[in-house]
Amino acid sequence: MSYDLIVIGSGPGGYVCAIRAAQLGLKTAIVEKRKTYGGTCLNIGCIPSKALLHASEMFEEVAHGLGKLGVSVGKPKLDLPAMMKHKDDTVGANVQGVAFLLKKNKVDGFIGTGSIPAVGKVEVTAEDGAKQVLETKNIVIATGSDVAQLPGVTIDEQVVVSSTGALELPKVPGKLIVVGAGVIGLELGSVWRRLGAEVTVVEFLDRILPGLDLETCKQFQRLLEKQGVKFQLGAKVSSVENTGKGAKVTIEPAAGGAASTLDADVVLVAIGRRPYTQGLGLEALGVALERGQIVIDSHFATNVPGVYAIGDVVRGPMLAHKAEDEGIAIAEILAGQHGHVNYEVIPGVVYTSPEIACVGATEEDLKARGVAYKAGKFPFTANGRARAANHTDGFVKVLADATTDRVLGVHILGHGAGEMIAEAAVLMEFGGSSEDLARTCHAHPTMSEAVKEAALAVEKRAIHM
Ligand SMILES: Cc1cc2nc3c(=O)[nH]c(=O)nc-3n(C[C@H](O)[C@H](O)[C@H](O)COP(=O)(O)OP(=O)(O)OC[C@H]3O[C@@H](n4cnc5c(N)ncnc54)[C@H](O)[C@@H]3O)c2cc1C
């Protein structure tokens with residue numbers, strides 16, 4: 001069988017690439033080693049975690065939020081199997097949706113592990129060991145990433161779990177230790193804290209969510225602490241002993257000093273993810289790697305002709321929408337068009353309560369680059385809709401170039417931040433200014449009026465503050 005394009009890996013990078021290529025008339029196939037399409041994101045990442053985040057937020061809202069609104073329903077009862085079923089059903093509907101879309105777009109699907117024995121060839125090895133070789137003009141590697149391991153710590157997915165195990169716990173742990181204060185650790189830590197676990201987050205650095213706007217993260221940490229999450233920052237987990245019933249976790253100050261121990265029922269290792277290139281045959285093919293990532297040029301091409309790579313397996317933020325946009329761009333390039341990804345405008349969201357959403361530069365980035373900027377900030381305490389809904393935690397911060405007023409970054413801490421950030425991304429994609437944002441009519445009463453007010457605050461003319 002001969003194709004114009006074979007995509008290896010069906011995560012958001014791979015399946016979106018395959019669909020776009022097929023739309024553009026390329027004869028396309030996709031190879032996936034899992035039984036279902038959709039990759040990490042749909043099977044064990046974005047989608048199941050958001051199903052549990054939503055359900056657990058509802059649980060907490062009923063327990064602590066509704067009474068204040070005059071809705072008295074009594075103490076909620078957790079039905080964990082039903083919550084897990086909601087998660088599994090959500091995953092099922094999404095992965096089936098991808099299978100349907102691939103079929104609708106006439107993308108041939110092959111379930112099996114893909115490898116590249118030579119340029120223009122993809123070998124697919126099925127679970128039973130049966131092999132077939134497909135011919136193709138182009139190959140896009142979209143094999144994603146896997147959990148980064150903590151040296152000396154064995155993940156058994158029972159007591160010591162990765163994010164995958166943390167999405168499947170059969171009961172609420174009494175004590176959960178989360179190693180790593182990144183997005184995944186804080187999201188899944190929030191899920192189990194809301195359902196009743198005592199959660200301690202241990203982080204090597206002296207701050208949470210490295211890379212995100214520091215002021216936003218500091219306020220967010222205070223809010224998480226108010227919710228009951230404990231933090232040990234500047235501390236490293238040096239060993240995890242599985243005691244059979246639980247774990248004994250040894251923690252040392254990152255700067256050196258006396259170690260201490262904590263007991264836990266479950267330990268979640270969430271120290272990051274690493275690119276997944278195992279079994280592709282890249283070494284024999286001569287594909288260049290750097291720190292585990294496949295090296296690509298600005299057109300996603302590796303150093304081997306006809307072989308391209310996108311998504312978590314290459315440089316850049318490990319985010320589903322970044323992978324999707326790269327999938328579209330490479331499909332368009334292969335079809336003779338001018339696909340392009342604007343890496344300056346890739347939003348990031350932490351789906352906790354409240355959410356954090358950001359796009360563009362942080363204040364720390366701008367200071368490091370020596371860019372003169374103005375900041376406008378507006379708190380949700382001064383927003384009518386936020387007051388009406390009891391969602392007054394957080395703020396919006398708009399960072400604009402001091403000379404041109406072009407918006408360089410927007411950071412939102414607040415309920416629904418993940419939805420509100422989209423307008424900032426559109427504005428930035430069009431090179432918009434804080435003036436443009438401030439003069440755009442926003443519906444009243446909405447949380448997003450705080451975005452407009454923060455834009456007004458750049459020139460110190462916010463109305464409601
Ligand atoms: C718990 C969790 C929550 C997350 N939440 C979010 C979120 O809210 N928002 C967000 O943007 N991102 C989130 N992410 C990150 C997101 O899942 C990834 O950035 C995204 O899935 C990357 O897409 P991808 O297409 O590059 O790779 P993946 O989604 O990892 O897909 C790669 C696919 O390739 C397959 N594969 C690998 N090797 C082979 C081979 N040799 N042959 C055939 N198939 C192969 C794998 O089985 C996999 O299905 C989350 C991740 C986790 C773990």
Can you pull out every residue in the stretch 62-93 that is among the polar types (S, T, N, Q) and under 24 Å from residue 391 (Cα atoms)? 72
Unmet requirement for residue 366, which otherwise passes all of (1) open to solvent by 30 Å² or more (accessible area, probe 1.4 Å); (2) away from the ligand (no atom under 14 Å from the Cβ): (1)
Restricting attention to the stretch 37-65, the residues that are assigned to a loop (DSSP other than H, G, I, E, B) and either at pLDDT below 95 or on the phi > 0 side of the Ramachandran plot (or both) number exactly 1
Taking the condition within 16 Å of the ligand (Cβ to nearest atom), within 21 Å of the chain's Cα centre (by Cα) and at pLDDT 95 or above, does residue 419 pass? yes
Tally up the residues in the stretch 25-70 that are more than 11 Å from the ligand (Cβ to nearest atom), surrounded by fewer than 16 Cβ atoms within 10 Å (Cβ to Cβ) and within 30 Å of residue 135 (Cα to Cα), please. 1
Within the set of pairs 6 or more residues apart or between chains, which connect a residue that is within 19 Å of residue 10 (Cβ to Cβ) inside the stretch 38-56 to a residue that is near the ligand (Cβ under 6 Å from one of its atoms) and not aliphatic (A, V, I, L, M) with Cβ atoms less than 6 Å apart? 39/10; 39/11; 39/144; 40/11; 40/144; 41/11; 41/12
Do we have any residue at all in the stretch 360-379 that's touching a His at 6+ places or on another chain (Cβ under 9 Å) and hydrophobic (A, V, I, L, M, F, W, C)? yes
Positions within the stretch 126-151 being within 12 Å of the ligand (Cβ to nearest atom) and under 19 Å from the mean Cα position of the chain (by Cα), in sequence order: 142, 143, 144, 145, 146, 147, 148
Which condition breaks for residue 154 when tested against (1) more than 27 Å from the chain's Cα centre (by Cα); (2) over 25 Å from residue 325 (Cα atoms); (3) open to solvent by 40 Å² or more (accessible area, probe 1.4 Å)? (1)
Inside the stretch 416-465, can you point out the residues that are open to solvent by 20 Å² or more (accessible area, probe 1.4 Å) and among the acidic types (Asp, Glu)? 419, 423, 429, 435, 436, 449, 459
Please go through the stretch 276-310 and pick out each residue that is within 28 Å of residue 129 (Cα to Cα), under 23 Å from the mean Cα position of the chain (by Cα) and open to solvent by less than 20 Å² (accessible area, probe 1.4 Å). 294, 309, 310
Of the residues 205, 224, only one is surrounded by fewer than 18 Cβ atoms within 10 Å (Cβ to Cβ) and modelled with pLDDT of 95 or more; which? 205
Criterion (part of a helix (DSSP H, G or I), among the charged types (D, E, K, R) and in contact (Cβ under 8 Å) with a residue 40 or more places away in the chain) met by exactly one of 215, 225: 215
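Results for (1) in a helix (DSSP H, G or I); (2) more than 28 Å from the chain's Cα centre (by Cα), shown as yes or no for each residue.
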| site | (1), (2) |
| --- | --- |
| 88 | yes, no |
| 103 | yes, no |
| 115 | no, no |
| 124 | no, yes |
Assess whether residue 214 counts as being hydrophobic (A, V, I, L, M, F, W, C) and open to solvent by 40 Å² or more (accessible area, probe 1.4 Å). yes
Subset of the stretch 71-105 [surrounded by 13 or more Cβ atoms within 10 Å (Cβ to Cβ) and aliphatic (A, V, I, L, M)]: 78, 80, 83, 84, 91, 95, 98, 99, 101, 102
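Rundown of residues vs (1) part of a strand (DSSP E or B); (2) within 12 Å of the ligand (Cβ to nearest atom); (3) without any contact (Cβ under 8 Å) to a residue 60 or more places away in the chain, yes/no style:
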position	(1), (2), (3)
263	yes, no, no
277	no, yes, no
280	no, yes, no
299	no, no, yes
305	no, no, no
316	no, yes, yes
326	no, yes, no
331	no, no, no
Any idea which of (1) part of a loop (DSSP other than H, G, I, E, B); (2) charged (D, E, K, R); (3) within 28 Å of the chain's Cα centre (by Cα); (4) more than 16 Å from the ligand (Cβ to nearest atom) is the one residue 77 doesn't satisfy? (3)
Residue 178: passes all of (1) closer than 30 Å to residue 108 by Cα; (2) in a strand (DSSP E or B); (3) within 14 Å of the ligand (Cβ to nearest atom) but (1)
Long-range neighbours under 9 Å by Cβ, at least six apart or interchain, first residue among the acidic types (Asp, Glu) within the stretch 156-181, second part of a strand (DSSP E or B) and open to solvent by less than 10 Å² (accessible area, probe 1.4 Å): 168/161
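The values are calculated or read from the model by the stated rules, or taken from the named source; none is laboratory data. Keep in mind it's a predicted model, so treat the numbers as computed, not measured. Every residue, glycine as well, gets a Cβ built from its backbone with ideal geometry; the counts of neighbours run over all protein chains shown. Surface areas here come from the heavy atoms of the whole protein model, side chains and all, with no ligands, DNA or RNA. Shrake-Rupley method; radii C 1.70, N 1.55, O 1.52, S 1.80 Å.
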